[in-house]
Amino acid sequence: MKLIRPTLLALLITASLPAQEALKSALVFHASFDTALDADFSTGSKACLIKKGKETVPATFNDEVNLDVVGGKFGGCLHFPKKGVTRPQFSGVNVLGYNDKSWSTTVSAWLRLSPDEDLEPGYCDPVQIVGDDGKKGFIFLEWSKDETPRFFRYAIRPLAHIWNPTNVQWADIPFEKRPMVQVSKAPFHREVWTQVVFTVENVNAKAPKPRGSLFINGKLHGRIENWDLTFAWDPAQVALVLGASYVGRIDDLAVFRRALSDEEVAALHELPRGIASLR
């Protein structure tokens, strides 16, 4: 094994410091899931909630969502042992920063599952950003419901009349005509943690043009471009939602106040203690 001289190691660490400082200054939310559902750090609310009718109430662990105190990428993690209806969520107010002029953000999470073996039939969305109405905008990571192996996707669906003017079912729209990035063989496995990062950039803006990017383990896998990404959400109703029909583990959830660059996402992937390295 080739050893790195102490002086070279020091130089490498020093070189990474500016990138870490830039990431730290952009961080607005971090949930480590080491000991609780609530976030460790937030510029808004730390509270983890669930929907109960039209209201939101504090989330608690149950047989659909529990805490694995030693099985995380960095300490503990959330474990969804079976498909259920419990969907932990965090308020986007003062975190996601949604606005109707020009909205940018980045979400990062680590996932551990074997999709074709662990997921039950139907769509699965491990992470969503939702508003007051799905027809006014909807952002999600998903695994497809019918294909084997399942496709992994990142989608930004703006106002319904923009992306689906004839009201066709999502599954019936050709892949290339959907506002999404699709990965046919994403590197997920129940014994290995995989980092997923997605960016939202200039949504609701006319110039510069809006787009979204998907990264897996620090590498770019595609961009959503050349779409009118106009939303009409009520900012007070925007939330980050986890675990829609998901079976597996989630760890080290983070949100940044802007769209990270490709280089910053690569640096994020290499943080030795995950997001805790920035705090």
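The values are calculated or read from the model by the stated rules, or taken from the named source; none is laboratory data. This one's a predicted model, so the numbers in the text were calculated from it and none came from an experiment. Cβ sites come from the backbone with ideal geometry, for glycine too, and all protein chains shown count toward neighbours.
Within the range 46-91, the set of residues being in contact with a Gly (Cβ under 9 Å, 6 or more places away or on another chain) and hydroxyl-bearing (Ser, Thr, Tyr) comprises 86, 91.
Can we say residue 36 is touching a Ser or Thr at 6+ places or on another chain (Cβ under 9 Å) and either among the polar types (S, T, N, Q) or at pLDDT 95 or above (or both)? Spelling it out, it is not the case that residue 36 is touching a Ser or Thr at 6+ places or on another chain (Cβ under 9 Å) and either among the polar types (S, T, N, Q) or at pLDDT 95 or above (or both). Taking the conditions exactly as written (among the acidic types (Asp, Glu) and in contact (Cβ under 8 Å) with a residue 12 or more places away in the chain), does residue 201 satisfy them or not? Here the answer is yes, as residue 201 does meet what is asked.
Scan the range 89-129 residue by residue and report those that are basic (Lys, Arg) and under 17 Å from the mean Cα position of the chain (by Cα). Walk me through how you get there before you give the answer.
From the range 89-129, those basic (Lys, Arg) are 101, 112; that's our starting set.
Result: 112, single match.
Which ones in the range 246-268 are over 25 Å from residue 99 (Cα atoms) and surrounded by 21 or more Cβ atoms within 10 Å (Cβ to Cβ)? First the steps, then the outcome.
The first filter runs over the range 246-268 and keeps only residues over 25 Å from residue 99 (Cα atoms), leaving 246-252, 263, 266-268.
246, 247, 248, 249, 250, 251, 252, 268, listed by residue number.
Just to check your reading of the model, which residue among 171, 236, 205 is more than 15 Å from residue 109 (Cα to Cα), more than 19 Å from the chain's Cα centre (by Cα) and surrounded by 13 or more Cβ atoms within 10 Å (Cβ to Cβ)?
Details: 171 fails: surrounded by 13 or more Cβ atoms within 10 Å (Cβ to Cβ); 236 fails: surrounded by 13 or more Cβ atoms within 10 Å (Cβ to Cβ).
Answer to the selection: 205.
So in the range 42-73, with the set limited to residues that are acidic (Asp, Glu) and part of a loop (DSSP other than H, G, I, E, B), which one is farthest from residue 113 (Cα to Cα)?
First pass over the range 42-73, keeping only residues acidic (Asp, Glu): 55, 63-64, 68.
If we keep only those that are part of a loop (DSSP other than H, G, I, E, B) too, we end up with 63-64.
Numbers: 63: 18, 64: 16 Å.
Step by step, filter the range 42-73, then rank; the result is 63.
Only residues that are exposed (fewer than 15 other Cβ atoms within 10 Å of the Cβ), of a type in the set (D, E, K, R) and either more than 15 Å from residue 126 (Cα to Cα) or touching a His at 6+ places or on another chain (Cβ under 9 Å) (or both) were counted in the range 174-196, giving 4. Looking only at the range 13-21, decide whether some residue is touching a helix residue (DSSP H, G or I) at 6+ places or on another chain (Cβ under 9 Å), hydroxyl-bearing (Ser, Thr, Tyr) and either at pLDDT below 95 or crowded, with 16+ Cβ neighbours inside 10 Å (or both). The answer is yes; a qualifying residue exists.
Take the conditions small (Gly, Ala, Ser) and more than 15 Å from residue 247 (Cα to Cα) and apply them to residue 137. Does it pass? Yes; evaluated as a whole, the condition is true for this residue. The residue pairs whose first member lies in the range 143-168 and is modelled with pLDDT under 95, whose second member is among the hydroxyl-bearing types (Ser, Thr, Tyr) and surrounded by fewer than 18 Cβ atoms within 10 Å (Cβ to Cβ), and whose beta carbons are closer than 9 Å, counting only pairs six or more residues apart or on different chains, are 145/123; 147/184; 149/184.
Taking residue 265 as meeting all but one of (1) out of contact with any His (no Cβ under 9 Å at 6 or more places or on another chain); (2) assigned to a strand (DSSP E or B); (3) among the β-branched types (Val, Ile, Thr), write down the number of the exception. Every listed condition holds for residue 265 apart from (2).
Any idea how many residues of the range 201-258 are assigned to a loop (DSSP other than H, G, I, E, B), of a type in the set (Gly, Ala, Ser) and in contact with a Phe, Trp or Tyr (Cβ under 7 Å, 6 or more places away or on another chain)? So the count comes out to 1.
The set of residues in the range 83-108 that are of a type in the set (Gly, Ala, Ser) and part of a loop (DSSP other than H, G, I, E, B) comprises 84, 92, 97, 102.
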